[in-house]
Amino acid sequence: MGWLFLKVLLVGVAFLGCLYPLVNVCFNEETRGQKPNFVIVLADDMGWGDLGANWGETKDTANLDKMATEGMRFVDFHAAASTCSPSRASLLTGRLGLRNGVTHNFAVTSMGGLPLNETTLAEVLQQAGYVTGMIGKWHLGHHSSYHPNFRGFDYYFGIPYSHDMGCTDTPGYNHPPCPACPRGDRPARSPDRDCYTDVALPLYENLNIVEQPVNLSGLAQKYAEKATQFIQRASTSRRPFLLYVGLAHMHVPLTATQQSADPQGRRPYAAGLREMDSLMGQIKDTVDRTARENTFLWFTGDNGPWAQKCELSGSAGPFTGSWQVRRGGSPAKQTTWEGGHRVPAVAYWPGRIPSNVTSTALLSVLDVFPTVLALAGARLPRGRHFDGLDASEVLFGGSQTGHRVLFHPNSGAAGEYGALQTVRLERYKAFFVTEDDGAEAAPLETGSAEYQSVLPKVREVLADVLRDVADDHVSRADYTQDPSATPCCNPHQIACRCEPPP
(Lines give C-alpha, C1' and ligand atoms only; values in the text may rest on other atoms or scores of the structure.)
Protein backbone atom coordinates (compact mmCIF):
# COMPACT_ATOMS: atom_id res chain seq x y z
CA MET A 1 0.00 0.00 0.00
CA GLY A 2 1.36 3.40 -0.93
CA TRP A 3 1.20 6.62 0.96
CA LEU A 4 -1.97 8.43 1.93
CA PHE A 5 -1.82 12.19 1.65
CA LEU A 6 -4.10 14.70 3.31
CA LYS A 7 -5.38 16.77 0.41
CA VAL A 8 -5.21 20.48 1.10
CA LEU A 9 -7.42 22.09 -1.48
CA LEU A 10 -6.80 25.44 -3.10
CA VAL A 11 -3.35 26.16 -1.76
CA GLY A 12 -2.47 29.69 -2.79
CA VAL A 13 -5.68 30.14 -4.81
CA ALA A 14 -7.25 33.58 -4.91
CA PHE A 15 -10.99 33.36 -5.45
CA LEU A 16 -12.63 35.64 -7.97
CA GLY A 17 -15.86 36.96 -6.55
CA CYS A 18 -18.54 35.11 -4.63
CA LEU A 19 -19.16 31.44 -5.21
CA TYR A 20 -22.66 31.57 -6.68
CA PRO A 21 -24.32 34.95 -7.12
CA LEU A 22 -27.99 34.89 -8.02
CA VAL A 23 -28.42 34.90 -11.76
CA ASN A 24 -31.50 35.33 -13.92
CA VAL A 25 -31.36 32.55 -16.48
CA CYS A 26 -33.42 33.40 -19.54
CA PHE A 27 -33.60 32.93 -23.29
CA ASN A 28 -34.64 35.30 -26.03
CA GLU A 29 -37.17 34.26 -28.65
CA GLU A 30 -34.47 33.26 -31.13
CA THR A 31 -32.74 30.79 -28.79
CA ARG A 32 -35.78 29.43 -26.96
CA GLY A 33 -36.15 25.74 -27.73
CA GLN A 34 -32.97 25.51 -29.80
CA LYS A 35 -30.34 22.94 -29.05
CA PRO A 36 -27.19 24.58 -27.70
CA ASN A 37 -23.92 24.82 -29.61
CA PHE A 38 -20.68 23.59 -28.04
CA VAL A 39 -17.11 24.79 -28.47
CA ILE A 40 -14.64 22.63 -26.52
CA VAL A 41 -11.03 23.79 -26.46
CA LEU A 42 -8.21 21.58 -25.17
CA ALA A 43 -4.78 23.13 -24.59
CA ASP A 44 -1.70 20.88 -24.76
CA ASP A 45 0.72 20.66 -21.79
CA MET A 46 -0.68 23.80 -20.12
CA GLY A 47 -0.05 24.02 -16.40
CA TRP A 48 -2.63 24.97 -13.77
CA GLY A 49 -0.47 27.95 -12.92
CA ASP A 50 -0.33 29.20 -16.52
CA LEU A 51 -3.80 30.70 -16.21
CA GLY A 52 -3.55 34.20 -14.77
CA ALA A 53 -6.92 33.87 -13.08
CA ASN A 54 -5.53 30.90 -11.13
CA TRP A 55 -2.09 32.12 -10.28
CA GLY A 56 -1.21 35.76 -9.71
CA GLU A 57 2.33 35.33 -11.05
CA THR A 58 1.01 34.77 -14.59
CA LYS A 59 0.11 37.82 -16.70
CA ASP A 60 -0.01 36.27 -20.17
CA THR A 61 -3.62 35.08 -20.48
CA ALA A 62 -5.66 38.29 -20.64
CA ASN A 63 -8.42 36.83 -22.84
CA LEU A 64 -8.84 33.68 -20.78
CA ASP A 65 -8.81 35.73 -17.58
CA LYS A 66 -11.57 37.91 -19.00
CA MET A 67 -13.50 34.79 -19.95
CA ALA A 68 -13.15 33.60 -16.35
CA THR A 69 -14.59 36.83 -14.97
CA GLU A 70 -17.48 36.54 -17.43
CA GLY A 71 -18.04 32.87 -16.65
CA MET A 72 -16.98 30.13 -14.24
CA ARG A 73 -13.47 29.10 -13.25
CA PHE A 74 -12.80 25.62 -11.86
CA VAL A 75 -9.89 25.27 -9.45
CA ASP A 76 -10.17 21.51 -8.77
CA PHE A 77 -10.51 20.31 -12.37
CA HIS A 78 -8.49 17.34 -13.63
CA ALA A 79 -7.35 15.72 -16.84
CA ALA A 80 -8.47 12.13 -17.26
CA ALA A 81 -4.84 11.09 -17.74
CA SER A 82 -1.43 12.77 -17.63
CA THR A 83 -0.47 12.38 -21.27
CA CYS A 84 -1.89 13.13 -24.70
CA SER A 85 -3.78 10.22 -26.30
CA PRO A 86 -5.42 8.78 -23.14
CA SER A 87 -6.66 12.20 -22.04
CA ARG A 88 -8.18 12.94 -25.46
CA ALA A 89 -9.78 9.50 -25.70
CA SER A 90 -11.43 10.04 -22.32
CA LEU A 91 -12.77 13.45 -23.32
CA LEU A 92 -14.43 11.99 -26.41
CA THR A 93 -15.82 8.86 -24.69
CA GLY A 94 -16.35 9.80 -21.02
CA ARG A 95 -14.45 6.61 -20.12
CA LEU A 96 -11.08 5.89 -18.55
CA GLY A 97 -8.41 4.11 -20.56
CA LEU A 98 -9.10 0.85 -18.70
CA ARG A 99 -12.48 0.89 -20.47
CA ASN A 100 -11.84 2.58 -23.85
CA GLY A 101 -8.50 0.84 -24.41
CA VAL A 102 -6.34 3.95 -24.89
CA THR A 103 -3.72 3.79 -22.15
CA HIS A 104 -0.68 5.43 -23.79
CA ASN A 105 0.22 7.53 -26.81
CA PHE A 106 -0.07 6.54 -30.46
CA ALA A 107 2.94 7.03 -32.74
CA VAL A 108 3.50 8.29 -36.27
CA THR A 109 3.55 4.71 -37.52
CA SER A 110 0.58 3.46 -35.48
CA MET A 111 -1.82 1.23 -37.34
CA GLY A 112 -4.62 1.79 -34.84
CA GLY A 113 -6.18 4.45 -32.67
CA LEU A 114 -9.24 4.95 -30.49
CA PRO A 115 -11.02 1.56 -30.87
CA LEU A 116 -13.68 1.68 -33.54
CA ASN A 117 -16.30 0.13 -31.25
CA GLU A 118 -16.01 3.13 -28.91
CA THR A 119 -18.63 5.84 -29.53
CA THR A 120 -17.33 9.40 -29.64
CA LEU A 121 -19.04 12.59 -28.51
CA ALA A 122 -19.08 13.76 -32.12
CA GLU A 123 -20.81 10.58 -33.31
CA VAL A 124 -23.60 10.95 -30.76
CA LEU A 125 -24.16 14.63 -31.58
CA GLN A 126 -23.96 13.97 -35.30
CA GLN A 127 -26.84 11.50 -34.91
CA ALA A 128 -28.70 14.19 -32.95
CA GLY A 129 -28.56 16.59 -35.90
CA TYR A 130 -25.40 18.53 -35.07
CA VAL A 131 -22.80 19.85 -37.50
CA THR A 132 -19.49 18.65 -36.11
CA GLY A 133 -15.97 19.98 -36.62
CA MET A 134 -12.52 19.29 -35.23
CA ILE A 135 -9.56 21.65 -35.55
CA GLY A 136 -6.05 20.95 -34.29
CA LYS A 137 -4.22 18.02 -32.75
CA TRP A 138 -6.06 14.68 -32.93
CA HIS A 139 -3.61 12.01 -31.66
CA LEU A 140 -6.17 9.19 -31.65
CA GLY A 141 -5.13 7.45 -34.83
CA HIS A 142 -4.90 8.70 -38.42
CA HIS A 143 -4.57 5.52 -40.46
CA SER A 144 -7.62 4.16 -42.24
CA SER A 145 -10.88 4.41 -40.24
CA TYR A 146 -9.23 6.06 -37.24
CA HIS A 147 -9.10 9.44 -38.97
CA PRO A 148 -11.37 12.14 -37.42
CA ASN A 149 -13.65 12.22 -40.48
CA PHE A 150 -14.58 8.61 -39.70
CA ARG A 151 -15.09 9.25 -35.97
CA GLY A 152 -18.04 11.61 -36.16
CA PHE A 153 -16.52 14.85 -37.43
CA ASP A 154 -17.98 16.36 -40.60
CA TYR A 155 -14.97 18.65 -40.92
CA TYR A 156 -11.34 18.29 -39.85
CA PHE A 157 -8.39 20.65 -40.13
CA GLY A 158 -5.27 19.88 -38.16
CA ILE A 159 -2.32 17.65 -37.38
CA PRO A 160 -2.71 13.94 -36.56
CA TYR A 161 -0.40 13.84 -33.52
CA SER A 162 1.95 16.02 -31.47
CA HIS A 163 3.93 18.53 -33.46
CA ASP A 164 7.30 17.17 -32.34
CA MET A 165 6.43 13.88 -34.07
CA GLY A 166 7.30 14.51 -37.69
CA CYS A 167 7.43 11.51 -39.99
CA THR A 168 11.22 11.23 -39.98
CA ASP A 169 11.58 12.23 -36.34
CA THR A 170 11.83 9.89 -33.39
CA PRO A 171 8.54 10.23 -31.45
CA GLY A 172 9.11 11.98 -28.15
CA TYR A 173 12.30 13.68 -29.29
CA ASN A 174 13.02 16.90 -31.15
CA HIS A 175 14.63 17.15 -34.57
CA PRO A 176 16.88 19.09 -35.13
CA PRO A 177 18.27 18.56 -31.62
CA CYS A 178 16.54 20.54 -28.91
CA PRO A 179 17.83 19.04 -25.63
CA ALA A 180 15.37 18.56 -22.83
CA CYS A 181 17.29 20.90 -20.52
CA PRO A 182 20.41 23.07 -20.82
CA ARG A 183 23.56 21.35 -19.59
CA GLY A 184 26.58 22.81 -17.83
CA ASP A 185 27.36 26.39 -18.76
CA ARG A 186 25.25 26.28 -21.88
CA PRO A 187 23.06 29.41 -22.02
CA ALA A 188 19.31 29.24 -22.13
CA ARG A 189 17.98 28.33 -25.56
CA SER A 190 16.09 30.45 -27.98
CA PRO A 191 13.61 28.51 -30.10
CA ASP A 192 14.71 30.12 -33.36
CA ARG A 193 18.29 28.93 -32.80
CA ASP A 194 17.95 25.51 -31.20
CA CYS A 195 14.49 24.22 -32.10
CA TYR A 196 12.67 23.77 -35.36
CA THR A 197 9.62 25.35 -36.93
CA ASP A 198 9.23 22.98 -39.87
CA VAL A 199 8.78 19.25 -39.28
CA ALA A 200 7.83 16.45 -41.65
CA LEU A 201 4.35 16.62 -40.19
CA PRO A 202 1.16 16.52 -42.28
CA LEU A 203 -1.52 19.18 -42.04
CA TYR A 204 -4.88 17.71 -43.01
CA GLU A 205 -8.03 19.31 -44.30
CA ASN A 206 -10.50 16.49 -44.10
CA LEU A 207 -8.80 13.49 -45.79
CA ASN A 208 -6.30 15.52 -47.81
CA ILE A 209 -2.79 16.51 -46.74
CA VAL A 210 -2.63 20.20 -47.65
CA GLU A 211 0.83 20.97 -46.27
CA GLN A 212 3.88 18.88 -45.37
CA PRO A 213 6.06 19.90 -43.65
CA VAL A 214 3.68 22.12 -41.74
CA ASN A 215 4.97 25.58 -40.90
CA LEU A 216 4.35 25.77 -37.17
CA SER A 217 4.88 29.52 -37.04
CA GLY A 218 1.68 30.11 -39.00
CA LEU A 219 -0.39 27.28 -37.56
CA ALA A 220 -2.15 29.22 -34.81
CA GLN A 221 -3.53 31.79 -37.22
CA LYS A 222 -4.70 29.06 -39.58
CA TYR A 223 -6.53 27.43 -36.68
CA ALA A 224 -8.18 30.77 -35.81
CA GLU A 225 -9.31 31.29 -39.39
CA LYS A 226 -10.72 27.78 -39.75
CA ALA A 227 -12.50 27.98 -36.37
CA THR A 228 -14.06 31.31 -37.33
CA GLN A 229 -15.22 29.95 -40.67
CA PHE A 230 -16.71 26.83 -39.11
CA ILE A 231 -18.66 28.76 -36.46
CA GLN A 232 -19.97 31.26 -39.00
CA ARG A 233 -21.01 28.63 -41.53
CA ALA A 234 -22.60 26.37 -38.94
CA SER A 235 -24.54 29.30 -37.52
CA THR A 236 -25.73 30.28 -40.99
CA SER A 237 -26.99 26.74 -41.52
CA ARG A 238 -29.20 27.14 -38.43
CA ARG A 239 -28.16 23.69 -37.26
CA PRO A 240 -26.60 23.26 -33.82
CA PHE A 241 -22.87 22.64 -33.91
CA LEU A 242 -20.00 21.05 -32.02
CA LEU A 243 -16.51 22.43 -32.53
CA TYR A 244 -13.65 20.62 -30.80
CA VAL A 245 -10.33 22.50 -30.90
CA GLY A 246 -7.12 20.71 -29.92
CA LEU A 247 -4.58 23.51 -29.69
CA ALA A 248 -0.94 22.96 -30.59
CA HIS A 249 -0.06 25.04 -27.54
CA MET A 250 1.74 24.68 -25.13
CA HIS A 251 3.58 21.59 -26.34
CA VAL A 252 7.16 21.96 -27.58
CA PRO A 253 8.45 23.09 -29.98
CA LEU A 254 7.75 26.74 -29.22
CA THR A 255 8.13 28.59 -32.48
CA ALA A 256 10.17 31.65 -33.41
CA THR A 257 7.13 33.80 -34.10
CA GLN A 258 5.94 33.24 -30.57
CA GLN A 259 9.25 34.60 -29.32
CA SER A 260 9.16 37.67 -31.56
CA ALA A 261 5.50 38.28 -30.75
CA ASP A 262 6.41 39.07 -27.15
CA PRO A 263 7.02 42.84 -27.04
CA GLN A 264 8.85 42.62 -23.74
CA GLY A 265 11.23 39.89 -24.92
CA ARG A 266 10.25 37.48 -22.17
CA ARG A 267 10.96 33.78 -22.19
CA PRO A 268 9.60 31.69 -25.09
CA TYR A 269 6.97 29.95 -23.00
CA ALA A 270 5.39 33.23 -21.94
CA ALA A 271 5.31 34.35 -25.57
CA GLY A 272 3.63 31.07 -26.50
CA LEU A 273 1.00 31.60 -23.82
CA ARG A 274 0.25 35.01 -25.25
CA GLU A 275 -0.19 33.58 -28.73
CA MET A 276 -2.48 30.81 -27.44
CA ASP A 277 -4.46 33.34 -25.44
CA SER A 278 -4.86 35.53 -28.52
CA LEU A 279 -6.19 32.53 -30.44
CA MET A 280 -8.69 31.86 -27.65
CA GLY A 281 -9.74 35.51 -27.79
CA GLN A 282 -10.46 35.19 -31.51
CA ILE A 283 -12.58 32.07 -30.98
CA LYS A 284 -14.54 33.69 -28.13
CA ASP A 285 -15.07 36.89 -30.15
CA THR A 286 -16.48 34.85 -33.02
CA VAL A 287 -18.85 33.05 -30.65
CA ASP A 288 -19.94 36.38 -29.15
CA ARG A 289 -20.61 37.91 -32.55
CA THR A 290 -22.31 34.87 -34.06
CA ALA A 291 -24.11 32.74 -31.48
CA ARG A 292 -23.43 34.26 -28.05
CA GLU A 293 -26.63 33.35 -26.23
CA ASN A 294 -26.81 29.75 -27.35
CA THR A 295 -23.19 28.58 -27.28
CA PHE A 296 -21.37 26.88 -24.43
CA LEU A 297 -17.60 27.47 -24.56
CA TRP A 298 -15.50 25.16 -22.39
CA PHE A 299 -11.71 25.55 -22.11
CA THR A 300 -9.35 23.14 -20.33
CA GLY A 301 -6.11 21.16 -20.75
CA ASP A 302 -5.04 17.61 -21.59
CA ASN A 303 -2.43 17.29 -18.80
CA GLY A 304 0.00 19.33 -16.76
CA PRO A 305 3.32 20.87 -17.85
CA TRP A 306 6.16 18.85 -19.33
CA ALA A 307 8.74 19.40 -16.61
CA GLN A 308 11.57 17.78 -18.58
CA LYS A 309 11.48 20.73 -20.99
CA CYS A 310 12.63 23.14 -18.24
CA GLU A 311 12.18 26.77 -19.33
CA LEU A 312 10.06 25.59 -22.27
CA SER A 313 7.45 24.13 -19.93
CA GLY A 314 4.62 25.67 -17.94
CA SER A 315 3.77 26.23 -14.31
CA ALA A 316 1.87 23.90 -11.99
CA GLY A 317 1.28 26.82 -9.65
CA PRO A 318 1.43 25.75 -6.02
CA PHE A 319 1.32 22.02 -6.88
CA THR A 320 5.06 21.50 -6.83
CA GLY A 321 5.07 17.98 -5.41
CA SER A 322 7.67 18.66 -2.75
CA TRP A 323 7.53 15.12 -1.30
CA GLN A 324 8.01 13.63 -4.75
CA VAL A 325 10.73 16.07 -5.83
CA ARG A 326 12.76 15.44 -2.67
CA ARG A 327 13.01 11.83 -3.83
CA GLY A 328 14.24 12.69 -7.28
CA GLY A 329 10.91 12.40 -9.10
CA SER A 330 8.80 14.74 -11.20
CA PRO A 331 5.38 16.02 -10.11
CA ALA A 332 4.21 17.00 -13.59
CA LYS A 333 3.14 15.48 -16.93
CA GLN A 334 3.08 11.66 -17.07
CA THR A 335 2.66 11.40 -13.29
CA THR A 336 -0.35 11.10 -11.01
CA TRP A 337 0.94 13.89 -8.79
CA GLU A 338 -1.25 16.94 -8.72
CA GLY A 339 0.84 18.93 -11.19
CA GLY A 340 0.41 16.13 -13.73
CA HIS A 341 -3.37 16.14 -13.93
CA ARG A 342 -4.82 19.27 -12.26
CA VAL A 343 -5.48 21.60 -15.19
CA PRO A 344 -6.98 25.06 -15.79
CA ALA A 345 -10.65 25.09 -16.75
CA VAL A 346 -13.08 27.87 -17.63
CA ALA A 347 -16.73 27.62 -18.75
CA TYR A 348 -18.54 30.46 -20.53
CA TRP A 349 -22.17 30.77 -21.59
CA PRO A 350 -23.77 34.21 -21.10
CA GLY A 351 -27.20 34.02 -19.51
CA ARG A 352 -26.76 30.40 -18.48
CA ILE A 353 -23.49 30.14 -16.57
CA PRO A 354 -23.20 32.81 -13.86
CA SER A 355 -20.34 35.26 -14.23
CA ASN A 356 -17.35 35.84 -11.97
CA VAL A 357 -17.74 32.50 -10.21
CA THR A 358 -15.07 30.22 -8.80
CA SER A 359 -16.13 26.61 -8.36
CA THR A 360 -14.35 24.25 -5.99
CA ALA A 361 -16.28 21.20 -7.24
CA LEU A 362 -14.08 18.19 -8.02
CA LEU A 363 -14.55 17.74 -11.78
CA SER A 364 -12.74 16.11 -14.69
CA VAL A 365 -12.30 16.10 -18.45
CA LEU A 366 -14.31 12.88 -18.20
CA ASP A 367 -17.35 15.04 -17.41
CA VAL A 368 -17.36 16.81 -20.78
CA PHE A 369 -19.01 13.85 -22.54
CA PRO A 370 -22.03 13.30 -20.23
CA THR A 371 -22.52 17.03 -19.61
CA VAL A 372 -22.63 17.97 -23.27
CA LEU A 373 -24.96 15.09 -24.12
CA ALA A 374 -27.33 16.04 -21.29
CA LEU A 375 -27.46 19.67 -22.46
CA ALA A 376 -28.01 18.55 -26.05
CA GLY A 377 -30.83 16.23 -25.01
CA ALA A 378 -28.95 13.22 -26.38
CA ARG A 379 -28.70 9.83 -24.71
CA LEU A 380 -25.56 8.16 -23.51
CA PRO A 381 -24.56 5.19 -25.70
CA ARG A 382 -25.94 1.91 -24.44
CA GLY A 383 -23.88 -1.04 -23.33
CA ARG A 384 -21.13 1.12 -21.81
CA HIS A 385 -20.28 2.28 -18.30
CA PHE A 386 -19.03 5.84 -17.89
CA ASP A 387 -16.61 7.49 -15.49
CA GLY A 388 -17.75 11.08 -16.01
CA LEU A 389 -20.76 12.83 -14.52
CA ASP A 390 -23.24 15.41 -15.74
CA ALA A 391 -21.90 18.68 -14.27
CA SER A 392 -24.96 20.76 -15.22
CA GLU A 393 -25.96 21.45 -11.63
CA VAL A 394 -22.50 22.77 -10.90
CA LEU A 395 -22.58 24.92 -14.02
CA PHE A 396 -26.07 26.33 -13.57
CA GLY A 397 -27.63 25.35 -10.29
CA GLY A 398 -25.29 26.57 -7.61
CA SER A 399 -24.05 23.15 -6.58
CA GLN A 400 -20.48 22.65 -5.39
CA THR A 401 -20.78 18.87 -5.47
CA GLY A 402 -18.77 17.08 -8.11
CA HIS A 403 -17.06 13.71 -7.84
CA ARG A 404 -16.69 12.04 -4.46
CA VAL A 405 -14.14 9.69 -6.01
CA LEU A 406 -11.78 10.31 -8.93
CA PHE A 407 -9.17 7.90 -10.27
CA HIS A 408 -5.87 8.86 -11.86
CA PRO A 409 -4.32 6.24 -14.19
CA ASN A 410 -0.65 5.52 -14.73
CA SER A 411 0.32 7.57 -17.79
CA GLY A 412 4.06 7.01 -18.00
CA ALA A 413 5.51 5.66 -14.76
CA ALA A 414 6.92 2.17 -14.36
CA GLY A 415 4.21 -0.46 -14.36
CA GLU A 416 1.06 -1.12 -16.35
CA TYR A 417 -0.20 1.74 -18.51
CA GLY A 418 -3.73 2.75 -17.56
CA ALA A 419 -3.64 1.06 -14.16
CA LEU A 420 -5.41 3.08 -11.46
CA GLN A 421 -2.33 4.26 -9.67
CA THR A 422 -3.92 6.98 -7.54
CA VAL A 423 -7.34 7.54 -5.95
CA ARG A 424 -8.80 10.85 -4.89
CA LEU A 425 -11.43 10.33 -2.18
CA GLU A 426 -12.98 13.63 -1.09
CA ARG A 427 -10.08 15.51 0.56
CA TYR A 428 -7.72 12.52 0.59
CA LYS A 429 -5.44 11.20 -2.10
CA ALA A 430 -4.08 7.65 -1.99
CA PHE A 431 -1.09 6.46 -4.02
CA PHE A 432 -1.02 2.73 -4.62
CA VAL A 433 2.30 3.05 -6.42
CA THR A 434 4.65 5.64 -4.97
CA GLU A 435 7.79 6.59 -6.93
CA ASP A 436 11.62 7.20 -5.67
CA ASP A 437 2.65 18.30 -3.60
CA GLY A 438 2.67 21.79 -2.23
CA ALA A 439 -0.58 20.05 -1.43
CA GLU A 440 1.06 16.60 -1.32
CA ALA A 441 4.04 17.30 0.89
CA ALA A 442 3.26 15.19 3.96
CA PRO A 443 1.81 11.65 3.93
CA LEU A 444 -0.43 10.55 6.75
CA GLU A 445 1.31 8.39 9.33
CA THR A 446 0.34 4.79 8.69
CA GLY A 447 -0.35 4.18 12.37
CA SER A 448 -2.57 7.23 12.85
CA ALA A 449 -6.27 6.95 13.52
CA GLU A 450 -7.00 9.09 10.46
CA TYR A 451 -5.03 6.77 8.19
CA GLN A 452 -6.74 3.69 9.61
CA SER A 453 -10.12 5.37 9.16
CA VAL A 454 -9.59 6.33 5.52
CA LEU A 455 -7.75 3.22 4.31
CA PRO A 456 -10.83 0.90 4.24
CA LYS A 457 -12.81 3.52 2.29
CA VAL A 458 -10.05 3.83 -0.29
CA ARG A 459 -9.86 0.06 -0.70
CA GLU A 460 -13.63 -0.10 -1.05
CA VAL A 461 -13.90 2.49 -3.84
CA LEU A 462 -11.01 0.90 -5.72
CA ALA A 463 -12.58 -2.55 -5.46
CA ASP A 464 -15.91 -1.10 -6.65
CA VAL A 465 -14.47 0.45 -9.80
CA LEU A 466 -12.44 -2.64 -10.67
CA ARG A 467 -15.61 -4.78 -10.37
CA ASP A 468 -17.43 -2.26 -12.54
CA VAL A 469 -14.72 -2.41 -15.21
CA ALA A 470 -14.81 -6.21 -15.12
CA ASP A 471 -18.58 -6.09 -15.78
CA ASP A 472 -18.23 -3.47 -18.53
CA HIS A 473 -17.72 -3.70 -22.27
CA VAL A 474 -13.98 -3.07 -22.39
CA SER A 475 -12.22 -2.12 -25.63
CA ARG A 476 -8.67 -2.91 -26.71
CA ALA A 477 -6.64 -0.45 -28.74
CA ASP A 478 -4.37 -1.63 -31.54
CA TYR A 479 -0.88 -0.34 -30.73
CA THR A 480 0.94 -2.17 -33.53
CA GLN A 481 3.22 -0.07 -35.71
CA ASP A 482 4.13 -0.29 -39.37
CA PRO A 483 6.03 2.27 -41.48
CA SER A 484 3.32 1.99 -44.13
CA ALA A 485 0.95 3.80 -41.79
CA THR A 486 3.08 6.96 -41.89
CA PRO A 487 1.01 9.74 -43.54
CA CYS A 488 2.86 11.23 -46.51
CA CYS A 489 1.71 13.64 -49.17
CA ASN A 490 4.36 12.13 -51.44
CA PRO A 491 5.07 8.53 -50.43
CA HIS A 492 7.95 8.36 -52.93
CA GLN A 493 9.96 10.84 -50.87
CA ILE A 494 11.67 9.13 -47.98
CA ALA A 495 11.43 12.25 -45.80
CA CYS A 496 7.65 12.55 -46.25
CA ARG A 497 7.91 16.08 -47.57
CA CYS A 498 5.77 17.59 -50.29
CA GLU A 499 7.45 18.66 -53.49
CA PRO A 500 7.99 22.42 -53.60
CA PRO A 501 5.36 24.40 -55.51
CA PRO A 502 6.19 25.15 -59.19
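Using the Cβ-Cβ distance between Ala62 and Val474 with R0 set to 45 Å, the FRET efficiency from 1/(1 + (r/R0)^6) comes to roughly 0.55. Protection proxy ranking of 76-82, 364-370, 287-293, 378-384, by the mean of other Cβ atoms within 10 Å over each peptide's residues and highest first, is 76-82, 364-370, 287-293, 378-384.
Remark on Met134: its backbone amide H falls under 5 Å from those of Tyr155, Tyr156, Phe157, Tyr244, a criterion applied only to residues 5 or more positions apart or on other chains, H modelled at 1.01 Å from N. Placing +1 on each Lys and Arg Cβ and -1 on each Asp and Glu Cβ, with no other charges, gives the stretch 276-319 a dipole about its Cα centre of roughly 40 debye. Of all lysines in the structure, the ones whose alpha carbon falls short of 21 Å from that of Lys333, not counting any fewer than 8 places away in one chain, are Lys7, Lys137, Lys309, Lys429. Set the Förster radius R0 to 35 Å, insert the Cβ-Cβ distance between Ser237 and Glu416 as r into 1/(1 + (r/R0)^6), and round the FRET efficiency to 0.05. The value I calculate is 0.15.
Quick one: go through the stretch 390-413 and flag any residue whose amide nitrogen is under 17 Å from the point 7 Å out along the Cα-to-Cβ line of Thr360. Inside the label zone: 394-395, 398-405. Across the stretch 136-151, computed HN-Hα scalar couplings (Karplus, 6.51 cos²θ - 1.76 cosθ + 1.60, θ = phi - 60°) run x, 6, 9, 6, 10, x, 10, 7, 6, 6, 8, 5, x, 5, 9, 10 Hz from first to last residue, x flagging Gly and Pro. A crude spin-label estimate for the pair Arg289 and Phe150, with each label 7 Å from Cα along the Cβ direction, gives 3.7 nm.
Taken one residue at a time, the phi angles of the stretch 344-352 give Karplus couplings (6.51, -1.76, 1.60, θ = phi - 60°) of x, 7, 9, 10, 9, 7, x, x, 10 Hz. Gly and Pro are set to x. Remark on Phe38: its backbone amide H falls under 5 Å from those of Phe241, Leu242, Leu243, Phe296, a criterion applied only to residues 5 or more positions apart or on other chains, H modelled at 1.01 Å from N.
Averaged per residue, the stretch 344-423 has 33 square angstrom of accessible surface, using a 1.4 angstrom probe with ligands and nucleic acids left out. A simple rule links phi to the HN-Hα coupling: the Karplus curve 6.51 cos²θ - 1.76 cosθ + 1.60 with θ = phi - 60°, which for the stretch 112-123 gives x, x, 3, x, 5, 8, 8, 9, 8, 4, 5, 5 Hz, with x for Gly and Pro. Ranking Arg342, Arg352 by solvent-accessible area of protein heavy atoms (1.4 Å probe, all protein chains present), from largest to smallest, gives Arg352, Arg342. Taken along the Cα-to-beta-carbon direction at a fixed 7 Å, the label points for Gln34 and Glu225 span 2.7 nm. Annotation: amide H of Gly301 within the under-5 Å range of Ala43, sequence separation 5 or more or interchain, hydrogens built in the peptide plane.
The values are calculated or read from the model by the stated rules, or taken from the named source; none is laboratory data. Remember, it's a predicted structure, so these values are computed and weren't measured experimentally. Note that each Cβ is placed from the backbone with ideal geometry, even for glycine, and that neighbours are counted across all protein chains shown. Heavy atoms of the whole protein, side chains included, go into the accessibility calculation; ligands, DNA and RNA do not. Shrake-Rupley method; radii C 1.70, N 1.55, O 1.52, S 1.80 Å.
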